[in-house]
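These notes are about the structure you will find just below.
The values are calculated or read from the model by the stated rules, or taken from the named source; none is laboratory data. Note that this is a predicted model, so its numbers are computed, not measured. Heads up, the Cβs are rebuilt from the backbone with ideal geometry, glycines too, and the neighbour counts pull from every protein chain shown.
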């Protein structure tokens, strides 16, 4: 689970592969859901991924002896899903959400970077949730003003 079914083992940039896998799976799932079911489903998925992700990333970090192993990408799954809350299932919105999340995850603007100091899996997962919130806000602004459709 920590590697999101092996996506974290892909090189280069395992976090990008984890985000891309999330994006594609959400697109497949959401395109088969009624529009009114998408937000409740993605919120449920986020809760599940965060709960499983904190535990799985804690165990993997302990097992390999690293604070935030690069092959652990369940945190990117959680953050990417947060970004896509209420986003339409269009290639433009999904691409913008992907780029925004990866950008905020890499840059980690305040206070996101400080969240990495939380213990074990909490620090691994919560900083990506913060990056996801930043990306969600920017994506919703872009959608609201018609920059992205």
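Confirm whether residue 13 is surrounded by 15 or more Cβ atoms within 10 Å (Cβ to Cβ) and more than 13 Å from the chain's Cα centre (by Cα).
no
Which of the residues that make up segment 131-149 are in contact (Cβ under 8 Å) with a residue 24 or more places away in the chain and either over 18 Å from residue 103 (Cα atoms) or assigned to a helix (DSSP H, G or I) (or both)?
131, 132, 133, 134, 135, 136, 138, 139, 140, 142, 143, 149
Among the numbered criteria (1) touching a helix residue (DSSP H, G or I) at 6+ places or on another chain (Cβ under 6 Å); (2) assigned to a helix (DSSP H, G or I); (3) farther than 18 Å from residue 25 by Cβ, which one does residue 82 miss?
(3)
Every residue in segment 101-120 that is part of a loop (DSSP other than H, G, I, E, B) and in contact (Cβ under 8 Å) with a residue 24 or more places away in the chain, please.
109, 116
Quick one: is residue 79 surrounded by 24 or more Cβ atoms within 10 Å (Cβ to Cβ), more than 16 Å from residue 142 (Cβ to Cβ) and touching a residue at least 24 places away in the same chain (Cβ under 8 Å)?
yes
Mind checking which residues of segment 21-32 are exposed (fewer than 14 other Cβ atoms within 10 Å of the Cβ) and either touching a residue at least 12 places away in the same chain (Cβ under 8 Å) or in contact with a helix residue (DSSP H, G or I) (Cβ under 7 Å, 6 or more places away or on another chain) (or both)?
Selection gives 31 alone.
Looking at (1) part of a helix (DSSP H, G or I); (2) surrounded by fewer than 18 Cβ atoms within 10 Å (Cβ to Cβ); (3) touching a helix residue (DSSP H, G or I) at 6+ places or on another chain (Cβ under 8 Å), which is the one condition that is false for residue 37?
Tallying (1) part of a helix (DSSP H, G or I); (2) surrounded by fewer than 18 Cβ atoms within 10 Å (Cβ to Cβ); (3) touching a helix residue (DSSP H, G or I) at 6+ places or on another chain (Cβ under 8 Å), residue 37 fails exactly one: (3).
Of these, 97, 121, 18, 63, which one is over 30 Å from residue 147 (Cβ atoms), modelled with pLDDT of 95 or more and surrounded by 22 or more Cβ atoms within 10 Å (Cβ to Cβ)?
121
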